[in-house]
Amino acid sequence: QIYPYINDFLIDKGDLLPSDLLVNISPFVSGLSLIYGAFVSLTLSILYNRQKNVLDQIESETSLIAVVTQNIMTIFEDDDDRLVEAGQCIADQIRILVMESRGHELMTIIYSDPYIRILNLLSEKQKEQLKETGTSESLIDWTRDLMKDMFQLRGKRLGAESLSLPPIHF
């Protein structure tokens, strides 16, 4: 909007023809466009790397969820009520990963964390086995270790999301 006024002002001063003005401004415009292009490219590169980091964290977490789901199906194969409850916990976490915002996930963690609910179910099952047989299945212990890894991955993912998503997403 201001360019025509500057152009008219410089032409009115008398010494500068419109063609001379174009010659004087073109290197400046070229340099400015290079700086702007570099800025946009760098910004997009940073955003892409942050999003890639979030996706890597989600992929790791979901692969562990798949293994834990298989283990839970084996552990609770004789206990339908706990199997359904554990399945619902896994479904809740998958729904959060796919559809919900980071803020909603944090609220879910505070009030009813699906991973904690699964760990509680595993603890109950382990106590029952210890009463019945005096030992617990190594599958329960392994699943508890996988849950520990899932907690760590979720923390890393939530941290990465806080860096890469705009505040309105929360």
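Assorted remarks:
- Divide the volume of the convex hull around the Cα atoms of segment 53-126 by the residue count and you get 86 Å³ per residue.
- With a Förster radius of 30 Å applied to the C-beta separation of THR133 and THR62, the computed FRET efficiency comes to 0.35.
- For the Cα trace of segment 27-170, dividing Rg by the Kirkwood Rh returns an Rg/Rh value of 1.21.
- Probe 1.4 Å, accessible area per residue of segment 33-170, Å²: 61 Å²
- Spin-label model, LEU44/GLU85: points 7 Å from Cα along the beta carbon direction are separated by 5.1 nm.
- Carbon and sulfur %, accessible surface of segment 107-163 computed with the full protein complex present, 1.4 Å: 55 percent
- Added length on full extension, which subtracts the Cα-Cα distance from 0.36 nm per residue, SER33 to HIS104: 21.4 nm
The values are calculated or read from the model by the stated rules, or taken from the named source; none is laboratory data. Quick caveat, the model's predicted, so the values are computed rather than measured. Here the Cβ is made from the backbone with ideal geometry for all residues, glycine too, and neighbour counts use every protein chain on show. With ligands, DNA and RNA removed, areas are computed over all heavy atoms of the protein, side chains included. Shrake-Rupley method; radii C 1.70, N 1.55, O 1.52, S 1.80 Å.
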